[in-house]
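Can you read through this structure? Questions will come right after.
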Amino acid sequence: MKKLWSAVLWLLALICVFPILFVAAGSLMGSTEVKELLGPALSGRKGYVSWKLFPQYPTLKSYVELLVDTPGFFVMLWNSVKITGGVLAGQLLVGVPAAWGLARFSFPGRKAVFTIYIALMMMPFQVMMLSNYLMLDRLGLLDTLAGIILPAVFSTFPVFIIYRFFEGLPEALMESARLDGAGEWIIFWKIGIPLGSPGIISAMVLGFLEYWNLLEQPMAFLKTKELWPLSLFLPSIDMKQAGGAFAASAVVLFPALMVFLAGQDYLEQGIISTAVKE
Amino acid sequence: MRKRKEALKALMFLLPSAAGVCLFWIIPYLDVIKRSFFSAVSGEFMGFHNFRTIFENQAFRLAAGNTLRFFGVCIPILVTLSLLVSVLLTREQKYLQLKKSLFLLPMAIPVASVVLIWKLLFHSQGLLNHFLSLFSVEGVDWMNTEASFWVLIISYIWRNLGYDVVLWVAGISGISASLYEAARVDGAGEWMCFWKITMPNLMGSLFTIVVLSLLNGFKVFREAYLVAGDYPQQDMYLLQHLFNNWYRDLSIDKMAAAAVVTGAVIMLLILALQRAWAKEA
């Protein structure tokens, strides 16, 4: 009985990862092999699409074609990097001090600020879409990367996550530093940031996965194709170029996978911190 | 005096963030609330006219109905399945971390990189139907019949299972092992332990997990949109599609009213969540 459950669990776990295996396999196939397997979907031939986990003749041709012959791909890759990097850097700069201010000091209205921050972090994009648009329009930021990056810098999500970790630090630590004559900035720099770093890393890992994957905002606010991130490029590829599409998918997938593997503990801590009571 | 000093210090840390949040989020949203009561064309005060318009709007009714139905079906499935997985996972410590990783992995996968797989999976001659045909089950035209609703459910469960598992596992590992030991000494079986110890101790987490799962559910639009575009089969037409289409037509009146209604519903959920947290603490 126990074995059976264990097998069910493994099966479910495998279903979770199958898309990665499929993308990896597809990216290593030659275009003839891909077309052969996908034939029924591409040409309306009878029968079903099928797939293999191991290509018959593994080749890096799709990657070479993508990276050498598709200049547009690099532009979009670079846009994705700029968006993700810009947002995360901004969030560090603005969000970490804000979390410290909320977690370590008491002031009138603190509870209200906290509630507003939680509400904002949980609002789906669609609710904020119109307000976002009107504000970007007024600031002249429509159709610019800054118009995607700036609102995200002021997302309240990282503040909340980091707040959770700052909040847990013992007050006695700060008190003794104050007695030694340390100013608030020094305490923040020398005690807060080092001890709160797991929270900061959690916020960055969750942030990376979110912004690398960003779709709704660029779709709504970027008209110029040269500004698009990769997440908008891939869906526009025709099924007929499936070989290249798999290679592109793999390239998009790779950084996210690396961040996931390197930061999984932080990711879990971050997820848990969103659910623990105040 | 001391209090004022402390407030000043807090302000120093908080100010850059608070200023940006006001400029980019709060003020524009207040503007939208105001606009929901006015006409975008003439600038006239309209009272609740815009709200009446959207509630009478066919597309809004369809989308809101589908969205509610989507949550009504997927949340119970996700919450139960993730709880089951978590209980099984924690029973056996071997490979616990690896298995958890596998379940969590989908959360990290960019939507764009699986669009192609999704298209192949749900094509009428695609992989899923191929798989079904092995058991002599008649294939389904996933994208063009009411089965499209299940494309949403499957995508959602796949992506969010690990997230909920992490939350449940955290809850389960917070239960003291001595409770189980004492129960076993008294002769309680595994089933008994689950109902009398595990479940009661997890009730506090349940509400939080449901709300977080709901809010994560809005992101299913990414898969739905990339697989099926602006106007998918009508059973997978969600509020998010509608917002997107109104945005393209710049129907500001309707968008403002819908943003206020949806925002208010979500705000109620969040306040309920905070109350539940406060009660527990």
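Suppose a student asked you for the relative contact order of chain B, using Cα pairs under 8 Å spaced at least 6 residues apart; what percent would you report?
Numbers: 237 pairs, mean separation 79.4, N = 281.
After rounding, I find 28 percent.
Related question: From the P(r) of the protein assembly as shown, could you give the percentage of C-alpha pairs in the tail past 37 Å?
36 percent
Of all the stretches in chain B, which is the longest one without any exposed loop site, taking GluC sites (Glu not before Pro) in a DSSP loop (any state but H, G, I, E, B) with at most 13 other Cβ atoms within 10 Å?
On the way: sites that count: B:GLU44, B:GLU92, B:GLU138, B:GLU146.
After excluding every exposed loop site, the longest remaining stretch is B:147-281.
Projecting each Cα onto the charge dipole of chain A (Lys/Arg +1, Asp/Glu -1 at the beta carbon, about the Cα centre), which of A:MET122, A:THR84, A:LEU38 comes out farthest on the positive side?
The one lying farthest along the dipole's positive direction is A:LEU38.
Relative contact order for segment A:19-59 using alpha-carbon pairs under 8 Å, separation at least 6, rounded to a whole percent?
On the way: 37 pairs, mean separation 20.5, N = 41.
The normalised contact order for segment A:19-59 reaches 50 percent.
I would also like to ask the following. What pairs in B:LYS99/B:LYS196; A:LYS82/B:LYS219; A:LYS52/B:LYS99; A:LYS2/B:LYS99; B:LYS219/B:LYS279 have C-alpha atoms more than 21 Å from each other? The partial results should precede the final answer.
On the way: B:LYS99/B:LYS196 27 Å; A:LYS82/B:LYS219 23 Å; A:LYS52/B:LYS99 24 Å; A:LYS2/B:LYS99 16 Å; B:LYS219/B:LYS279 29 Å.
Going by Cα-Cα distance, B:LYS99/B:LYS196; A:LYS82/B:LYS219; A:LYS52/B:LYS99; B:LYS219/B:LYS279 fall outside the 21 Å limit.
Could you tell me which residue out of A:SER155, A:ILE200, A:VAL259 lies farthest along the dipole of segment A:71-275 toward its positive end? Charges go on the beta carbon: Lys and Arg +1, Asp and Glu -1, centred on the Cα centre.
Positive-end residue among those listed: A:SER155.
Please list B:ARG61, A:ARG138 in order of solvent-accessible area, largest first, computed with a 1.4 Å probe with all protein chains present.
On the way: B:ARG61 145, A:ARG138 170 Å².
Putting B:ARG61, A:ARG138 in descending order of accessible area: A:ARG138, B:ARG61.
Something else: Report, as an integer, the average count of C-beta atoms from other chains found within 10 Å of each Cβ along A:15-24. Each step should come with its number before you reach the end.
Working: counts 5, 14, 6, 6, 10, 7, 1, 6, 5, 0.
Per-residue shielding by partner chains comes out at 6.
Hey, another quick one. Give the cross-link partners of B:LYS5 among the aspartates and glutamates, using a straight C-alpha distance below 18 Å as the criterion and excluding same-chain residues fewer than 8 apart.
A:GLU171, A:GLU175, A:GLU184
Place a +1 charge on the Cβ of each Lys and Arg in chain A and a -1 charge on the Cβ of each Asp and Glu, then give the dipole magnitude about the Cα centre in debye, rounded to the nearest 20.
Details: 19 positive and 18 negative charges, 125 e Å.
The dipole magnitude comes to about 600 debye.
For segment B:1-113, would you read off the P(r) tail past 18 Å as a percentage of all alpha carbon pairs? Working shown, then result.
Details: 4898 of 6328 pairs.
Result for the distance tail: 77 percent.
Among B:MET199, B:PHE122, B:ALA228, which residue has its Cα positioned farthest towards the positive end of the charge dipole of the protein assembly as shown, with +1 placed on the Cβ of Lys and Arg, -1 on the Cβ of Asp and Glu, and the dipole taken about the Cα centre?
B:MET199
Which aspartates and glutamates, if any, have their Cα less than 14 Å from the Cα of B:LYS100, not counting same-chain residues under 8 positions apart?
In chain and number order, the partners are A:ASP265, A:GLU268, B:GLU92, B:ASP164.
Relative to the Cα centre, what is the charge dipole magnitude of the protein assembly as shown, using +1 at the beta carbon of each Lys and Arg, -1 at the beta carbon of each Asp and Glu, and rounding to the nearest 20 debye?
Details: 43 positive and 36 negative charges, 151 e Å.
With Lys and Arg at +1 and Asp and Glu at -1, about 720 debye.
Moving to a separate point now. At a 1.4 Å probe radius, which order do A:THR156, B:THR80 fall into by accessible area, largest first?
Values: A:THR156 5, B:THR80 90 Å².
So, going from the largest accessible area down, we get B:THR80, A:THR156.
Dividing the convex hull volume of the Cα atoms of chain B by its residue count, what figure in Å³ per residue is obtained?
Convex hull volume per residue, Cα atoms: 216 Å³.
Further question on the same structure: Could you name the aspartates and glutamates whose alpha carbon sits less than 17 Å from that of B:LYS119, not counting residues in the same chain fewer than 8 places away?
A:GLU36, A:ASP238, B:ASP141, B:GLU146, B:GLU223, B:ASP230
Can you give me the span-like helices of chain B, meaning DSSP H runs with 24 Å or more of Cα extent along the axis and Kyte-Doolittle mean at or above 0.5?
Qualifying helices: B:58-91, B:148-173, B:199-217, B:252-280.
Explain nothing, just the number: dipole magnitude of chain B about its Cα centre with +1 on each Lys and Arg Cβ and -1 on each Asp and Glu Cβ, in debye rounded to the nearest 20.
Working: 24 positive and 18 negative charges, 250 e Å.
For chain B, the charge dipole is close to 1200 debye.
Given contacts defined as C-alpha pairs under 8 Å and at least six residues apart, what's the relative contact order of segment B:152-227, whole-number percent? It would help to have the intermediate numbers written out before the result.
Working: 24 pairs, mean separation 42.2, N = 76.
RCO, segment B:152-227: 56 percent.
Ok, one more. Principal axes first, then extents: for the Cα atoms of segment A:19-59, list largest minus smallest coordinate on each axis, whole Å, largest first.
Result, largest extent first: 26, 20, 12 Å.
Order A:LEU169, A:LEU139, most accessible first, counting only protein heavy atoms with a 1.4 angstrom probe. Working shown, then result.
Details: A:LEU169 25, A:LEU139 80 Å².
From most exposed to least exposed: A:LEU139, A:LEU169.
For the pair A:LEU53 and B:ASN201, how long in nm is the line joining their label points, each one 7 Å along Cα→Cβ?
3.6 nm
While we're looking at this one, here's another question. If you wrap a convex hull around the Cα atoms of segment A:161-278, how much volume per residue is inside, in Å³?
Details: hull volume 17.8 nm³, N = 118.
In segment A:161-278, the Cα hull volume divided by residue count equals 151 Å³.
The values are calculated or read from the model by the stated rules, or taken from the named source; none is laboratory data. Just so it is clear, the model here is predicted, and its values are computed rather than measured. When we count neighbours, we look across all protein chains shown, and the Cβ atoms used for this are built from the backbone with ideal geometry, even at glycine. Ligands, DNA and RNA are stripped out before the accessible areas are found, and what is left, the full protein with its side chains, is counted by its heavy atoms. Shrake-Rupley method; radii C 1.70, N 1.55, O 1.52, S 1.80 Å.
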